[in-house]
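K.L.:
Below: one structure in C-alpha cells.
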There are 4 protein chains.
Amino acid sequence: MLHSLFQLAFTISSDRCLEVFSVAPPSFCRVNLGKSGLRVSCLGLGTWVTFGGQITDEIAEQLMTIAYESGVNLFDTAEVYAGGRWVRSSLVITTKLYWGGKAETERGLSRKHIIEGLKGSLQRMQLEYVDVVFANRPDSNTPMEEIVRAMTYVINQGMAMYWGTSRWTAMEIMEAYSVARQFNLIPPVCEQAEYHLFQREKVEVQLPELYHKIGVGAMTWSPLACGIITGKYENGIPESSRASMKSYQWLKEKIVSEDGRKQQAKLKELNHIAEKLGCTLPQLAVAWCLRNEGVSSVLLGTSNPEQLTENLGAIQVLPKMTSHIVSDIDHILGNRPYSKKDYRS
Amino acid sequence: MLHSLFQLAFTISSDRCLEVFSVAPPSFCRVNLGKSGLRVSCLGLGTWVTFGGQITDEIAEQLMTIAYESGVNLFDTAEVYAGGRWVRSSLVITTKLYWGGKAETERGLSRKHIIEGLKGSLQRMQLEYVDVVFANRPDSNTPMEEIVRAMTYVINQGMAMYWGTSRWTAMEIMEAYSVARQFNLIPPVCEQAEYHLFQREKVEVQLPELYHKIGVGAMTWSPLACGIITGKYENGIPESSRASMKSYQWLKEKIVSEDGRKQQAKLKELNHIAEKLGCTLPQLAVAWCLRNEGVSSVLLGTSNPEQLTENLGAIQVLPKMTSHIVSDIDHILGNRPYSKKDYRS
Amino acid sequence: MLHSLFQLAFTISSDRCLEVFSVAPPSFCRVNLGKSGLRVSCLGLGTWVTFGGQITDEIAEQLMTIAYESGVNLFDTAEVYAGGRWVRSSLVITTKLYWGGKAETERGLSRKHIIEGLKGSLQRMQLEYVDVVFANRPDSNTPMEEIVRAMTYVINQGMAMYWGTSRWTAMEIMEAYSVARQFNLIPPVCEQAEYHLFQREKVEVQLPELYHKIGVGAMTWSPLACGIITGKYENGIPESSRASMKSYQWLKEKIVSEDGRKQQAKLKELNHIAEKLGCTLPQLAVAWCLRNEGVSSVLLGTSNPEQLTENLGAIQVLPKMTSHIVSDIDHILGNRPYSKKDYRS
Amino acid sequence: MLHSLFQLAFTISSDRCLEVFSVAPPSFCRVNLGKSGLRVSCLGLGTWVTFGGQITDEIAEQLMTIAYESGVNLFDTAEVYAGGRWVRSSLVITTKLYWGGKAETERGLSRKHIIEGLKGSLQRMQLEYVDVVFANRPDSNTPMEEIVRAMTYVINQGMAMYWGTSRWTAMEIMEAYSVARQFNLIPPVCEQAEYHLFQREKVEVQLPELYHKIGVGAMTWSPLACGIITGKYENGIPESSRASMKSYQWLKEKIVSEDGRKQQAKLKELNHIAEKLGCTLPQLAVAWCLRNEGVSSVLLGTSNPEQLTENLGAIQVLPKMTSHIVSDIDHILGNRPYSKKDYRS
C-alpha cells in the first residue's frame, strides 16, 4: 500500500519540479473545466488502474513526475488510492465517492457517505481538500436533493472546490442541475465519461448539449479502451497483459468476441494513418480524443512510464488532426453518431 | 370547412352519450396523465390526419361519436383544426401550438405566438379553454424561460388547464422543468411522442426516466406507423392510399426502401401472432403500445369509422399481451432497446 | 387628430395586404428582438415624428401600407399617437409610457402611471394589448422594484407581451434586470436608443455587453439624425424643413454649430461612397445601422411616402456593406468608439 | 524579504501609537466604505509600489508608522506583499487576488484561486483575516456566479470581512451585484479605481451611479498619476526616478508623448493655485481627489517617508477646496466629464 504518494513525490522531487516550472511553464494546454473557472491541463493522469496497489510506490512516483514535468496539472485519484501534497495550488486533485470497492455499508450517495467518504479520502491522501469531488455512478436510492445538498455542504466546508459526476446519464446530470437551481445549491461542473474510438455517443452527442445548456464539461477516461487500442491484443491475449487477469475476464471476452475482432481490423487501418502522421497508434487515439472541443481533459491511465511518455506525445499530434484526417478516421470507424436535430422523430 | 364540429356532435348525440355513460361508465381504461391529476382514457382520438380538411364534417362527427361512446375522453386536436363543445367536463381536449401550418412570421414559441396562437385556436374551436396545450416541436430561438413563462401565463389566465410538449428531446423537457422550478412556474405534464413497433427508443428508454424523475407522462401517436402496420402496403402502394399522395412522398419512399421491405416481412410474422390471439394486426399493434405501462394514452389517427371501431377493439386484446407474447414480438422485431442501467459504461 | 389609424388602415387595405403576404411573404429580414423569441423585421416604422398630428390620416395610412407591404412588421407607436388593428398577429406593435407630453400629474414610472398610461394607450389605439411596452426615459424618483413589478403586472394581465426601455443607461437596464432576478419578475427584452453615423458609443460599446450578459436587444431610432443625414441642410436650413419650426430650435442650433458644419463636410464625403454603391446617402446611412449585428431593428421616422420607399431600399444596400466599405466610412467619420477591454484603466 | 512587517511594526511602536490615538483619536476623516458599515480613513496607504521589495523593511515600517500615527487606518496590501499584526481591530487591511505576479497556471478568479490565493496571502501576512479582499481585474473566463460564491465563501469562513473589486467596469460590478441578489450571496462593497487630475470619467460619472444604486463605494489609487503630478518630470526624466526603470517603459513613453507635455503645462498652472493655497502640488492633487464626495478613500503610494508626510498634509488643504477653486482647476484641466442626465440623448 502506498498511503501518501503525493507526500513522497513532494519530498523527493519538488525542488526539481519547481525549477522545471520556472524554466518551462506548463502552458502547453490549459483549458477551463466546462464553463467553470478551474483551469486544467488537457491531459490528466488517471490513477484508477495505475495506483490501485498493482504498482510500486517508485513507479507511481515516477509516473507522477513525468506527467507533472510535462505540464500535466490534473491528477484523478479515487477514494481507494493514495494522494498527498506537492505544490498544492499548482495541482488539480480529484477524488471519487461511491467507488464500489468499499463495504456495502458505506455505499451509495447518502449524505452520510458523501461526507464520511470524502473525509476518509482526504485523510488517506493527507490533504486538506480536493479540487473536484466526483460522485461515481448515480445512486437511484438516494434523492437527488440529498446528493446535491451534501455536495454543497462539503464544498461550503472547504473539503472540495467543485463537484462533478461520473457515469451519470445526461438526464441525471440535468436533474442535479435542476435541483441545485431550485434550492440555491451548487451545481456540478463536470462529468467523467468513457470516450475512445469505439465509444462516442455520450461524449459527442449528449454532453455537448449539456455543456451548452448548463455549462457542464467533459473529462474523459479510457482513451485507449482499456488497452485495446494499444494494439497489444492484435494477435490474441498475451499472458502478461491485464486481460489475462482473472478480474478482467470481461475484457478478455470483449476482445475475443466478433465485435472485438472487427475492432482489431479497424485498428490496423488506423495504424496506417498513424504511420502517415509519424506517430504511434495510441498517440493517434489520444489526439483524436483531444480534437473534440467539447472535451476539457483526457485522463491517461497507463501504469508504464515509457507508455506515459509516449501517450503525452499526443499533444504534438493534435495539430495534425485536420478535418481531412478526422474524416478519414470516421470513415474507417463507421460509428460517427449523427445529430438528432434534423431527424424526423 | 367544419367550424364547430364539437358543437354539431354535441347537438346530435349528447343525450345518447350521456345515457351510454351512465349505463356503462367509461371505466375501461382511465389513467393519470403522467403524475398529474388529469385522468384520460388510455386510447385517444388523434385528429391531425383525420380532421385536416380531408374528410367531411359528417365523417368527423361519426368518428368522434364512435370514440366517445366507446369510452374515449381524449381528443387531440391541433391549432389548425376545428373543435367545439360537447359535455365539456367529460372531455379532455388538447391543442398544439407551433404546428408549422402558419406563415413563417408567426412561427416559434415566442410569448406572442403562444398567447395569440392559443387564443386563435380557442376561437376556431369555440372553446373557453383546452385541457392541455402542447408546444409542438422545440424552438431553439426562444429562451426556455420565455416559453415556460408564457405557458404558465395561459394556464393562469384560464385558457388551458395543463401544458405539454411534443417532439421534444428528454433534455429539452428536463430544461423546461428546471426553469419552472427555478422561477416557480408551472412544469409540463406530458410529452407527445411517436411510438410503434418500429420506433421504440424514446418512449421505452428516455421517457420512463423522465416520468420517474419529474412526473412527465407519455401520450403517443402513430401506433400504426402512418398506416404501415395496417398491412395495406404489403403488396406495394395502393392508389387510394395516403402514401400515394404527393405530400406523402416521404412515406412512399420509406415503404419501398430496404428497411421498408424488411418491416413488411416482420409484419407477416406478427400477423401470425395476431391470428393466434384472434385479433387483427392493427389491434395487436395498438395493444402492444398499451402494454407499456409508461404510456398514459395512445392516440388513434384513423379517418375511417370502421377502422376506428376495429382499432378501439385493441382494448380487448390488452389482457392477452402476456410476457410470453411480448417476448415473442420482441424476438420478431429484434429492436428492443436495452436499459443502460445494468450496462458497464 | 387621428384616433384609430390601424383601424382605418385595416378597413381600407387589409384585403390587399393579405394578398400581398400570401404572394410574397415578408421574409426579407426577420430577427429575434434581443434574445427573446419575438421576431421583428430589421426595419421598423417609427411613428413619433410621423404621426404626431403633423400629418393627415391619409398620409399615415399610406406610410403604414408601404411599410407593411415591404415586409415591415414592427410599428413603433407612442402613447400620444394613434394605433389600431390590422392582421394583429402578423404585427409587432409597441407603445411608450412616460413620454413627457402628458400633464405633470401623469408623469413618471409609478405603478399608477404605468398601468393607467398603458390602459389609456390601448384605449386610444383600440387594441387589446401591445407587443412591447417601453418605459420611455428612466425615472429616478420611482424605485426600480416598483417599475419592474408594474411592468410584470401589465404583462401578466395580458396588456403587453414584453417590456423594454428607452433612453436608459446600461446601468439602469442592468439594475432592472437585477431586480427582476431578485424578485422573480420579468426582465426587459430591449432598449430603444438613438443610433446614427454621428452617435455610436452607446449602441456599439455598451449595449453589446448588455446583450451578451442579459440578452437585452437594441432597437434604434433616428438613423438619419433627425434629418441631418438626408443632406437637406447642406446649404443651410430650408424654410419648409423641420429645423425651421419653432419647437425644433435645438435642431437648428445643432446644424449651424461648428460641429454641425463639420458633419456636413463628412456627409459630402460619404455621399461619394453612396454614389459608388449606387444608392442614396440616406440608404447608406440606414444600411450602415443595419450592418451592426447587435442591432435588432432600425426604426425609420420619415413622414414622406417617397422617402419611406427610398429608405426601405436600404435593405438592398446591406449586402454591399463590406468590411472594406465600413472601414472607409469609419475613416471619414473618425468617431469609432474603441473597446475598453485592452485599455489600461 | 520582509515577512512580517506588521509584526515588526507592532513590536516597536504599538505602545506609542496607542498613546497617540488615545490623545488624538484619528477622527480627521473616517468615512463609511460605500454604504457598508466599515469605517476607513479618507487617506489610506497603498502598498503596491511601496512594498514590492524595492524598499527595505526599515523604510516600510517607517512609512506605516507615519501613516498610522497620522490617523490612517487603511492599509492596502496585495497578495505578493508582506503584512502582519498591529493593533488589529484598529486597522483596515486589504489584499488583492489575481494580481498577475503569479504563474499563469494560478491566475484567474476561479474558486480554487480565490480560496488558495487568499489563504496564501493570509499566511504570508501572518493574519487570520483581512478586512477587504479585492478581486483585482475581472476574469471573463470564470462565471460571475462562481466568483461571487467563492467571495461569499471566504467571508463566511472568516477569512475576510468584505469583498471588493478592482479595475472592473461598472457593468461587471452590477453583474456581480445582480448575481449576489439572485442567489442570496454577498455583494461587493467597494471598487478600487485609478483617479487623478488626468483620469476622471469612471470615478466621477460611473461610480456615483453605482453608489446610489447598490451602495458600492470608491477607493482610489494613483492620486499623483504614478508620480507625474509630483512635478519631478517637469524637465524630462531624472535618472533616479521610477520612469527611468526598465519595467516602467510605458510610463516614460506616456510622459514624453505630446499628451504628456500638455499635462506638464497644465501642472505648471495648477502649481500657481497650489502656491496661492499655501500647499504643494501633490497636496493639491490629493486634496482635489478627496473633495469628491463619492470617494471613500484615497490610497497614497509613495515610498518616501518625507513625501508621505507631505502627502498626508493634503488633509489640511481639503477645507480650502472651495467650489471656486475647484472650478478654476476644472478650467485648467478642461476634462470635466459631464453628467449624461441632462443630456438629450
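K.L.:
Select, from C:GLN182, C:GLN264, the only residue that is open to solvent by 50 Å² or more (accessible area, probe 1.4 Å), farther than 18 Å from C:GLY46 by Cβ and not aliphatic (A, V, I, L, M). Walk me through how you get there before you give the answer.
P.N.:
Details: C:GLN264 fails: open to solvent by 50 Å² or more (accessible area, probe 1.4 Å).
Sole residue among the options that is open to solvent by 50 Å² or more (accessible area, probe 1.4 Å), farther than 18 Å from C:GLY46 by Cβ and not aliphatic (A, V, I, L, M): C:GLN182.
K.L.:
Can you find even one residue in the stretch D:275-298 that is among the hydroxyl-bearing types (Ser, Thr, Tyr), under 21 Å from D:SER166 (Cα atoms) and touching a residue at least 24 places away in the same chain (Cβ under 8 Å)?
P.N.:
Yes: one or more hits.
K.L.:
Test C:ALA274 against the criterion of being at pLDDT 90 or above, touching a His at 6+ places or on another chain (Cβ under 8 Å) and surrounded by 13 or more Cβ atoms within 10 Å (Cβ to Cβ), and give yes or no. Break it down stepwise before answering.
P.N.:
Details: at pLDDT 90 or above: yes; touching a His at 6+ places or on another chain (Cβ under 8 Å): no; surrounded by 13 or more Cβ atoms within 10 Å (Cβ to Cβ): yes.
Criteria not met by C:ALA274.
K.L.:
Find all pairs meeting these conditions: Cβ atoms under 6 angstrom apart; at least six residues apart or on different chains; first residue within the stretch D:188-207 and more than 11 Å from chain C (Cβ to nearest Cβ) and closer than 18 Å to D:ALA287 by Cα; second residue part of a loop (DSSP other than H, G, I, E, B) and open to solvent by less than 30 Å² (accessible area, probe 1.4 Å).
P.N.:
D:HIS196/D:SER222; D:HIS196/D:PRO223; D:HIS196/D:ALA225; D:PHE198/D:ALA225; D:ARG200/D:PRO337; D:GLU204/D:PRO337
K.L.:
Here is a follow-up. Quick check, is A:SER222 within 22 Å of the chain's Cα centre (by Cα), within 12 Å of chain B (Cβ to nearest Cβ) and of a type in the set (Gly, Ala, Ser)?
P.N.:
Details: within 22 Å of the chain's Cα centre (by Cα): yes; within 12 Å of chain B (Cβ to nearest Cβ): yes; of a type in the set (Gly, Ala, Ser): yes.
Against the criterion (within 22 Å of the chain's Cα centre (by Cα), within 12 Å of chain B (Cβ to nearest Cβ) and of a type in the set (Gly, Ala, Ser)), A:SER222 qualifies.
K.L.:
May I pose another question? Just a yes or no: is a residue in the stretch D:171-178 more than 10 Å from chain A (Cβ to nearest Cβ), of a type in the set (Ser, Thr, Tyr), closer than 20 Å to D:ALA218 by Cβ and touching a Phe, Trp or Tyr at 6+ places or on another chain (Cβ under 7 Å)?
P.N.:
We begin by selecting, within the stretch D:171-178, every residue more than 10 Å from chain A (Cβ to nearest Cβ); these are D:171-178.
Retained after the next criterion (residues that are of a type in the set (Ser, Thr, Tyr)): D:177-178.
With closer than 20 Å to D:ALA218 by Cβ added as a condition, the list becomes D:177-178.
Right, trim to touching a Phe, Trp or Tyr at 6+ places or on another chain (Cβ under 7 Å) and you get D:178.
Yes, there is a match, as at least one residue in the stretch D:171-178 is more than 10 Å from chain A (Cβ to nearest Cβ), of a type in the set (Ser, Thr, Tyr), closer than 20 Å to D:ALA218 by Cβ and touching a Phe, Trp or Tyr at 6+ places or on another chain (Cβ under 7 Å).
K.L.:
Just wondering, is there one or more residues in the stretch B:186-193 that are open to solvent by less than 10 Å² (accessible area, probe 1.4 Å) and of a type in the set (D, E, K, R)? Give the derivation first.
P.N.:
Keep residues of the stretch B:186-193 that are open to solvent by less than 10 Å² (accessible area, probe 1.4 Å), which gives B:188, B:190-193.
Imposing the further condition that a residue be of a type in the set (D, E, K, R) reduces the set to B:191.
Among the residues of the stretch B:186-193, at least one is open to solvent by less than 10 Å² (accessible area, probe 1.4 Å) and of a type in the set (D, E, K, R), which makes the answer yes.
K.L.:
Can you name every residue in the stretch B:208-219 that is under 27 Å from B:ALA287 (Cβ atoms), of a type in the set (A, V, I, L, M, F, W, C) and within 9 Å of chain A (Cβ to nearest Cβ)?
P.N.:
Selection gives B:LEU210 alone.
K.L.:
I would also like to ask the following. Under the condition of being buried (at least 20 other Cβ atoms within 10 Å of the Cβ) and not β-branched (Val, Ile, Thr), which residue from the stretch D:199-210 is nearest to A:ASN184 (Cα to Cα)? Walk me through how you get there before you give the answer.
P.N.:
Here is the first cut: in the stretch D:199-210, the residues buried (at least 20 other Cβ atoms within 10 Å of the Cβ) are D:202-203, D:206-207, D:209-210.
With not β-branched (Val, Ile, Thr) added as a condition, the list becomes D:202, D:206-207, D:209-210.
On the way: D:LYS202: 34, D:GLN206: 31, D:LEU207: 30, D:GLU209: 29, D:LEU210: 26 Å.
Per the criteria, the residue is D:LEU210.
K.L.:
Considering only the stretch D:107-146, state which residues are within 30 Å of C:HIS212 (Cα to Cα) and among the polar types (S, T, N, Q).
P.N.:
Within the stretch D:107-146, D:SER110, D:ASN136, D:SER140, D:ASN141, D:THR142 qualify.
K.L.:
Working only within the stretch B:214-228, note down all residues that are in contact with a Ser or Thr (Cβ under 9 Å, 6 or more places away or on another chain) and either part of a helix (DSSP H, G or I) or of a type in the set (A, V, I, L, M) (or both). Steps first, answer last, please.
P.N.:
So the first thing to find is which residues in the stretch B:214-228 are in contact with a Ser or Thr (Cβ under 9 Å, 6 or more places away or on another chain), and the list is B:214-221, B:224, B:227.
Correct list: B:ILE214, B:VAL216, B:ALA218, B:MET219, B:LEU224.
K.L.:
Here are B:GLY71, B:GLY84, B:GLY46: which of them is in contact with a helix residue (DSSP H, G or I) (Cβ under 9 Å, 6 or more places away or on another chain) and at pLDDT 85 or above?
P.N.:
Result: B:GLY71 is the single residue among B:GLY71, B:GLY84, B:GLY46 that is in contact with a helix residue (DSSP H, G or I) (Cβ under 9 Å, 6 or more places away or on another chain) and at pLDDT 85 or above.
K.L.:
Now for a different question. If you take the residues of the stretch D:94-119 that are modelled with pLDDT of 90 or more and surrounded by fewer than 23 Cβ atoms within 10 Å (Cβ to Cβ), which of them is farthest from the other protein chains (Cβ to nearest Cβ)?
P.N.:
My answer is D:LYS119.
K.L.:
B:TYR177 fails exactly one of the following numbered conditions: (1) more than 21 Å from B:PRO337 (Cα to Cα); (2) touching a Leu at 6+ places or on another chain (Cβ under 9 Å); (3) of a type in the set (Phe, Trp, Tyr); (4) at pLDDT below 95. What is the number of that condition?
P.N.:
(4)
K.L.:
Give me the pairs: first residue in the stretch D:147-169 and more than 14 Å from chain C (Cβ to nearest Cβ) and closer than 18 Å to D:GLN192 by Cβ, second residue β-branched (Val, Ile, Thr) and open to solvent by 50 Å² or more (accessible area, probe 1.4 Å), beta-carbon distance under 9 Å, and six or more apart or on different chains, which are they?
P.N.:
D:MET151/D:ILE186; D:ILE155/D:ILE186; D:TYR162/D:ILE186; D:TRP163/D:ILE186
The values are calculated or read from the model by the stated rules, or taken from the named source; none is laboratory data. Here the structure is a predicted model, which means the values were calculated and not measured. When we count neighbours, we look across all protein chains shown, and the Cβ atoms used for this are built from the backbone with ideal geometry, even at glycine. Note: areas computed on protein heavy atoms with side chains; ligands, DNA, RNA excluded. Shrake-Rupley method; radii C 1.70, N 1.55, O 1.52, S 1.80 Å.
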